[in-house]
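The values are calculated or read from the model by the stated rules, or taken from the named source; none is laboratory data. It should be emphasised that the depicted structure is a prediction, and the values quoted were computed from it without experimental measurement. Backbone-built Cβ (ideal geometry, glycine too); neighbour counts: all protein chains shown.
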Amino acid sequence: MAFGKKKDAAPTDPVIQAQTQQIREQQEVEVAFRKGITALRDFIAPSSLEFKPNYFNLGTRFARTYYVFGYPRQLYTGWLSSMVNLDEVIDLSMYIYPVESQVVLENLRKKVSQLEAGIQIDSEKGRVRDPGKQAAIIDAEDMRDKLQVGEERFFRFGLYFTIYANSTDELEFVSHKVESILGQQLVYSKPASSQQEHGLNSTVPQFTDQLQIRRNMSTGALSTSFPFTSADLSQDNGILYGINMHNSGLVIFDRFSLENGNAVVFAKSGAGKSFTVKLEALRSMMFGTEVFIIDPENEYQRMCEAVGGAYVRLSLNSSTRINPFDLPRVVDTEEADNALRSNLITLHGLLRLMMGGAQAQIQAAGNSSMMAPALSPVEEADLDAALIETYAKAGITNDPLTHNATPPTINDLYDTLLHMGGTGPQLAQRLRKYTSGTFAGIFSQQSNIDINNPLVVFNVRDLEDELRPVAMYIVLNYIWNKTKADQKKRILVVDEAWQLMKYEDSANFLFSLAKRARKYNLGITTITQDVEDFMGSRMGRAIVANASMQILLKQSSSAVDVLTDVFKLTTEERKRLSQFPVGQGLFFAGQNHVHIQIVASPTETGLITTNPEQVQAIANQNQGDFSQPAGTIDLSNRLYPGV
């Protein structure tokens with residue numbers, strides 16, 4: 001008898017079945033759980049999503065999707081930047097669909113035929129001409145020409161955006177702000193009513209255009225919508241110049257990080273150019289930069305005295321003396337060998353200015369055809385020989401070892417010219433007013449200043465008009481010699497530079513400084529309000545070309561065209577340049593530029609403002625403040641409280 005293996009019977013106990021089912025469900029839940037935690041969408045998905053007719057809730061956030069349906073006849077580059085740089089949370093989506101040019105050409109041909117037929121019917125019935133139809137025909141014909149030669153292509157363009165907020169009130173506020181910004185440019189948008197889910201799907205990065213609201217655009221029009229237009233001029237090092245009006249960021253920049261440290265500031269009177277430059281000087285000093293300023297209008301005295309700077313007043317009545325024959329005390333061997341020759345070249349330009357250039361320019365005021373008389377070749381040769389002989393009499397030759405001797409003065413040059421042959425006596429007579437005449441003393445004696453201060457201001461306001469360009473020339477040479485002798489990081493501010501640009505020799509000297517300043521760690525800031533005259537000269541344009549940083553504040557209408565041509569401004573920038581409020585302008589640094597608002601702390605404003613009302617208010621406020629000596633201020637903790 002054979003016995004087979006007995007088959008296991010299925011469990012029939014309800015308790016066992018329930019336990020088995022529970023284990024199976026737990027395993028399924030665990031599998032599902034483990035599968036869920038590895039999916040990325042579980043990490044980024046909101047806790048809830050609820051759609052309503054005019055907005056939707058994304059977790060605890062409120063959101064609303066818009067579509068753009070109307071555009072102006074012309075779009076300008078960067079029109080979208082105001083919204084892109086808005087300090088709000090916005091998702092922006094663009095859908096671009098290329099269209100075959102042949103299809104567009106056929107449609108345009110039909111459209112032009114319809115418009116022309118409509119105009120002809122209106123004419124036959126005596127109706128008033130419709131300007132809209134005329135403009136549409138012109139645009140269509142222009143587009144047909146460009147499409148035919150391949151200059152343009154045609155696209156269908158959809159623009160949608162979703163804004164987010166923490167409450168319905170904030171959502172309404174942000175919505176109004178965005179709609180207003182676009183509406184100012186004649187770009188019209190609407191919320192996707194009853195289509196918020198489709199709108200959300202169209203603005204999240206999954207490339208599904210469920211709204212399908214599009215507008216025809218050519219290549220040129222479409223290119224203006226390029227979204228990455230936010231200009232940023234912020235560095236780890238540098239000083240704060242102001243606020244970037246494009247994105248509300250800070251413009252923190254080090255001018256010495258560019259190809260050179262030179263800068264030009266153009267603005268009409270009262271636009272804030274001196275305020276801007278004084279603010280830069282004040283903040284640069286906090287980082288150890290020395291500052292020299294040529295002040296023709298006594299605008300820098302209060303700031304200079306407040307920070308303990310040296311204020312040098314140049315006038316016929318002052319005791320200050322600067323000898324243009326001084327040689328720089330340089331350490332570099334190559335510079336030392338060329339020190340005398342370099343100073344001789346500078347003296348040639350100065351003496352041409354003193355012996356007729358400035359005077360002739362004053363006499364020629366109002367007559368642009370008159371030019372300052374130049375020295376003849378014979379006079380130039382005699383003057384050169386006299387200069388060399390004058391230095392030789394003082395024991396100074398090309399040998400650097402002789403350069404520590406006491407330098408000669410203009411009086412010594414006058415004696416040399418008077419007793420030499422040729423044109424020497426004639427040149428001496430033209431020089432006499434600086435030795436024993438009206439202008440004697442100020443530049444004909446040994447220098448009695450040796451300034452060692454982080455801020456030095458040379459005031460030339462009280463000098464006569466004829467003597468002022470001569471003084472500015474001599475001061476520039478004095479600063480240049482000091483720069484070559486001790487190469488520190490320095491800024492030289494030349495205010496009202498147009499006074500130097502009127503004369504060829506002083507303009508050439510300023511241009512020479514601008515070209516060579518980088519080698520000596522010097523940055524030259526040139527300020528002027530007479531833009532047309534400055535840019536009208538060859539040297540003026542050359543100085544601008546050698547400045548890596550430019551600041552253009554509010555301009556007169558006549559200066560806008562000149563600056564537009566020089567700086568290649570866009571149509572929008574050109575329009576704004578004459579409409580900027582005080583303290584706003586364009587800040588150029590190398591190849592980048594931004595719209596900037598110059599900002600200063602209350603303490604800084606008190607030091608640098610020239611507004612009569614503010615100056616008087618500050619004076620009244622300080623009458624009862626005896627906590628520190630008059631005219632001084634502690635820059636370490638009052639410029640930026642809490643820092």
**OP:** List the number of the failed condition for SER556; all other conditions in (1) over 21 Å from ILE243 (Cα atoms); (2) of a type in the set (S, T, N, Q); (3) crowded, with 20+ Cβ neighbours inside 10 Å hold.
**Re:** (3)
Original post:
small (Gly, Ala, Ser), free of Cβ contacts under 8 Å to residues at least 60 places away in the same chain and in the same structural domain as LYS273 (by TED's automatic domain parsing): does that describe ALA485?
Top reply: no
Original post:
Which residue out of LEU401, LEU417 is more than 20 Å from ALA471 (Cβ to Cβ), surrounded by fewer than 20 Cβ atoms within 10 Å (Cβ to Cβ) and not assigned by TED's automatic domain parsing to the domain that holds PRO469?
Top reply: LEU401
Original post:
Which ones in the range 119-139 are within 17 Å of ARG109 (Cβ to Cβ) and not aliphatic (A, V, I, L, M)?
Top reply: GLN120, LYS133, ASP139
Subject >> Residues of the range 278-316 that turn out to be more than 29 Å from the chain's Cα centre (by Cα) and closer than 20 Å to TYR478 by Cβ, as a count >> reply: 7
Subject >> Hits in the range 27-66 - residues which are at pLDDT 85 or above, within 44 Å of the chain's Cα centre (by Cα) and assigned to a loop (DSSP other than H, G, I, E, B) >> reply: ASN54, TYR55, GLY59, THR60
Original post:
Looking at the range 206-230, which of its residues are under 10 Å from MET94 (Cα atoms) and touching a helix residue (DSSP H, G or I) at 6+ places or on another chain (Cβ under 8 Å)?
Top reply: ASP209, PRO227
**OP:** Would you point out which residue out of LEU49, LEU80, LEU92, LEU58 is among the hydrophobic types (A, V, I, L, M, F, W, C) and more than 16 Å from HIS198 (Cα to Cα)?
**Re:** LEU80
**OP:** Only one of these is more than 15 Å from LEU92 (Cβ to Cβ) and among the hydroxyl-bearing types (Ser, Thr, Tyr): THR203, THR168. Name it.
**Re:** THR168
**OP:** Kindly indicate which of PHE207, PHE173 is modelled with pLDDT under 90, aromatic (Phe, Trp, Tyr) and either assigned by TED's automatic domain parsing to the domain that holds TYR67 or buried (at least 16 other Cβ atoms within 10 Å of the Cβ) (or both).
**Re:** PHE207
**OP:** Would you check which residues across the range 232-243 are at pLDDT below 85 and crowded, with 19+ Cβ neighbours inside 10 Å and list them?
**Re:** LEU233
Subject >> Flag if LEU282 is hydrophobic (A, V, I, L, M, F, W, C), in contact (Cβ under 8 Å) with a residue 12 or more places away in the chain and assigned by TED's automatic domain parsing to the domain that holds PHE56 >> reply: no
**OP:** Looking at (1) without any contact (Cβ under 8 Å) to a residue 12 or more places away in the chain; (2) not assigned by TED's automatic domain parsing to the domain that holds GLY59, find the lone condition where GLY183 falls short.
**Re:** (2)
**OP:** State yes or no: is LEU401 at pLDDT below 90 and either in a loop (DSSP other than H, G, I, E, B) or of a type in the set (Phe, Trp, Tyr) (or both)?
**Re:** no
Subject >> Options VAL103, VAL89: the member that is loosely packed, with under 14 Cβ neighbours inside 10 Å, farther than 30 Å from VAL594 by Cβ and in the same structural domain as GLU151 (by TED's automatic domain parsing) >> reply: VAL103
Subject >> Residue ID - surrounded by the fewest Cβ atoms within 10 Å (Cβ to Cβ), chosen from residues in the range 47-76 that are β-branched (Val, Ile, Thr) and touching a helix residue (DSSP H, G or I) at 6+ places or on another chain (Cβ under 8 Å) >> reply: VAL68
Original post:
What residue, of ILE410, ILE451, ILE491, is surrounded by fewer than 21 Cβ atoms within 10 Å (Cβ to Cβ) and in contact (Cβ under 8 Å) with a residue 12 or more places away in the chain?
Top reply: ILE451
Original post:
Can you find a residue in the range 194-214 that is in a helix (DSSP H, G or I) and within 15 Å of ARG156 (Cα to Cα)?
Top reply: no
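With the condition being closer than 27 Å to ILE449 by Cβ, I'd like the strands (runs of 3 or more DSSP E) fully within the range 236-335 carrying at least 1 qualifying residues.
Numbers: elements: 239-244, 250-253, 263-266, 290-295, 310-313.
Where strands (runs of 3 or more DSSP E) fall fully within the range 236-335 and carry at least 1 residues being closer than 27 Å to ILE449 by Cβ, they are 263-266, 290-295, 310-313.
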**OP:** For the range 540-550, indicate whether the set of residues that are crowded, with 23+ Cβ neighbours inside 10 Å, more than 15 Å from the chain's Cα centre (by Cα) and either small (Gly, Ala, Ser) or under 25 Å from ASN459 (Cβ atoms) (or both) is non-empty.
**Re:** yes
**OP:** Look at the range 113-136 and say how many of its residues are surrounded by fewer than 17 Cβ atoms within 10 Å (Cβ to Cβ) and either in contact (Cβ under 8 Å) with a residue 24 or more places away in the chain or on the phi > 0 side of the Ramachandran plot (or both).
**Re:** 2
Original post:
Is it the case that the range 356-375 has a residue that's in a helix (DSSP H, G or I), at pLDDT below 85 and over 30 Å from GLN499 (Cβ atoms)?
Top reply: no
